[in-house]
Amino acid sequence: MNYWRGQDVVLRLSPEGERALHGIFDTEFIQVFVQWADDLGLWVVRDRQESGEISVMLIKWAHFEIAQLDVVLAESVPSKTIGFQKQS
């Protein structure tokens, strides 16, 4: 479950999720930042304060049907191998 931590994800709310989160999210697809995940669901950042405080909310596993994660891979570092050149 740690895989979800710190990820921006797009969730498609299930019909139950749309009803449960009505008034909080206006669309079926929502983009959220996952603070952490546990057996209950995804704890997502709802509000960030200038003071550094954050407000999180729980989106239960049953409340969404599809998740799309944006995974950024680290750039590949060129290997430091010794090369040989043919001299003319």
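The values are calculated or read from the model by the stated rules, or taken from the named source; none is laboratory data. Keep in mind it's a predicted model, so treat the numbers as computed, not measured. Glycine gets a Cβ as well: all are built from the backbone with ideal geometry, and neighbour counts include every protein chain shown. In case anyone asks, the SASA skips ligands and DNA or RNA and just uses the protein heavy atoms, side chains included. Shrake-Rupley method; radii C 1.70, N 1.55, O 1.52, S 1.80 Å.
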TODO: For segment 16-51, enumerate the residues that are open to solvent by 50 Å² or more (accessible area, probe 1.4 Å) and closer than 18 Å to residue 5 by Cβ.
DONE: 31, 33, 35, 36, 39, 40, 43, 46, 48
Open item on the list: For segment 6-15, check the following and say yes or no: at least one residue is at pLDDT 90 or above, among the polar types (S, T, N, Q), surrounded by 13 or more Cβ atoms within 10 Å (Cβ to Cβ) and under 17 Å from the mean Cα position of the chain (by Cα).
Closed with: no
Open item on the list: Which residue is nearest to residue 60 (Cα to Cα), if the candidates are limited to segment 14-41 and must be assigned to a strand (DSSP E or B) and in contact with a helix residue (DSSP H, G or I) (Cβ under 6 Å, 6 or more places away or on another chain)?
Closed with: 41
TODO: Kindly establish whether residue 46 is among the basic types (Lys, Arg) and under 14 Å from the mean Cα position of the chain (by Cα).
DONE: yes
Task: Neighbours by Cβ (under 7 Å, 6+ apart or cross-chain): first from segment 1-30, free of Cβ contacts under 8 Å to residues at least 24 places away in the same chain; second open to solvent by 70 Å² or more (accessible area, probe 1.4 Å) - done: 28/18
TODO: Starting from segment 52-67, keep only residues that are open to solvent by 50 Å² or more (accessible area, probe 1.4 Å), then list their pairs with residues that are hydroxyl-bearing (Ser, Thr, Tyr) whose Cβ atoms are within a distance under 9 Å, requiring at least 6 positions of separation or different chains.
DONE: 62/14; 65/14
